[in-house]
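Notes for the one structure printed next.
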Amino acid sequence: MKIALVTGASRGLGLEWCRQLNSLGYKVILTARDIEKAQESVNKLISEGINNLFPYKLDVANLDQITDLAGWIKKLFGRLDLLINNAGINSATRAKGNSELQQKNFSLDRLETNEILNMLNINAIAPIMVSRGLKNVLIKGDNPKIINIGSWLGSITLKNNGGNYSYAVSKSALNMMNRALAFDLKNLGITTVVVNPGWVQTNMGGSKAMFTPQEAVNNIILNVINEIQLEHTGSFLNYTGQVHPW
Ligand SMILES: NC(=O)c1ccc[n+]([C@@H]2O[C@H](COP(=O)([O-])OP(=O)(O)OC[C@H]3O[C@@H](n4cnc5c(N)ncnc54)[C@H](OP(=O)(O)O)[C@@H]3O)[C@@H](O)[C@H]2O)c1
């Protein structure tokens, strides 16, 4: 059986990734920064008849936890075939209705450095650190792939309004991080791409979004994971599988 790992799998797209990858026959390492939430998610999926799930505590910004995780995977499975760098934050969900906090990420006159740095850390730096930490188990995988969940909001070409300095900037930075990572991993046979999932009905996307998590993950599996090869490494792709404007 192939082995997949999903970050930020306590809810939303991450939880759905675990569900669908499992149904494709992967053993899935379901990670969340709160181990109780990870266990709750596993229990929920078990109640749906899904097995072969392995909960693990991972705050993607914690380098020690990444190192521990890599050692645990090496010992238990000896390899990793697919890494989904899904964990992410945005200004609205982080602010949880606190408009003051949201403005610190969004409005030119109210921006706060620490808020922007925090968003960059989780959305752009952490996926690269997780990928680096798991590189040695990915090398042992079968046609190993890294899927970084980006956003259309990270596209500089499509940006035509002000504001959103933290989230949009962090997803643009993820594109460049991935591009550099792709060159560093290509000789090791690891493919790494950024994918825009579209607007999805989660805590982050809200209930009016275009896709259910089920549709969004299914799109990416069919159009991206099943299709990409090493020659596509470093790309920024849409959920349709087409190249997304940078
Ligand atoms: N929904 C959309 O419309 C949309 C559109 C474009 C891109 N995306 C991207 O899709 C990904 C998933 O988002 P979502 O819509 O499913 O949002 P969500 O429901 O808010 O879920 C975000 C997940 O990330 C986790 N997370 C946050 N900080 C973390 C950390 N430091 N370490 C580990 N996990 C952490 C959260 O865990 P906790 O429970 O611990 O907070 C949660 O499980 C994100 O990268 C997001 O930027 C979403």
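List of remarks:
- Cβ charges +1 (Lys, Arg) and -1 (Asp, Glu), total dipole of region 3-238, debye: 180
- Hits among lysines - C-alpha to C-alpha of Lys96 under 30 Å, sequence gap 8 or more where chains match: Lys37, Lys44, Lys57, Lys104, Lys159, Lys171, Lys208
- Counting Lys and Arg as +1 and Asp and Glu as -1 over every other residue whose Cβ lies under 11 Å from the Cβ of Leu21, the net charge comes to +1.
- Annotation for region 127-178 versus region 23-50: alpha-carbon center distance of 24 Å.
- Annotation: the residues Ile50, Ile84, Ile190, sorted from fewest to most other C-beta atoms within 10 Å of their own C-beta, follow the order Ile50, Ile190, Ile84.
- Cβ-derived FRET efficiency at R0 45 Å, Leu108 paired with Ile46, nearest 0.05: 0.40
- Taking region 109-228 and dividing mean pair separation by its residue count, relative contact order in percent (alpha carbons under 8 Å, at least six apart): 26
- Positive-end residue, the chain charge dipole about Cα centroid, Cβ charges, pick of Leu120, Phe211, Ala38: Ala38
- Using a Gaussian network model of the chain in which every pair of alpha carbons under 10 angstrom is joined by a spring, one finds that among Asn161, Asn178, Asn62 the greatest mean-square fluctuation is at Asn161.
- Neighbourhood charge, 14 Å Cβ-Cβ cut-off, centred on Gln39 and excluding it, Lys, Arg +1 and Asp, Glu -1: +2
- Inter-part distance where region 56-101 and region 179-246 are each reduced to a Cα centre, Å: 18
- Helix runs (DSSP H) in the chain reaching 24 Å along axis by Cα, Kyte-Doolittle at least -0.5: 167-186
- Each of Leu82, Ala173, Leu138 was placed along the dipole of region 3-238 (beta-carbon charges, centred on the mean Cα), and the one lying farthest toward the positive end is Leu138.
- Mean separation of Cα contacts under 8 Å, 6 or more apart, over the residue count of region 3-238: relative contact order %: 18
- This model, with +1 at the C-beta of Lys and Arg and -1 at the C-beta of Asp and Glu, gives region 1-100 a dipole about its Cα centre of some 240 debye.
- 5 angstrom amide H check on Leu5, placed H, neighbours 5+ away: Ile29, Leu82, Leu83, Ile84
- Of all segments of the chain bounded by trypsin sites (Lys or Arg not before Pro) found in a DSSP loop with no more than 12 other C-beta atoms within 10 Å, the longest spans 97-207.
- Least to most buried among Phe183, Phe77 (fewest other Cβ within 10 Å first): Phe183, Phe77
Taken together, the values in this text are just the output of simple stated rules run on the coordinates, not laboratory data. Note that this is a predicted model, so its numbers are computed, not measured. Backbone-built Cβ (ideal geometry, glycine too); neighbour counts: all protein chains shown.
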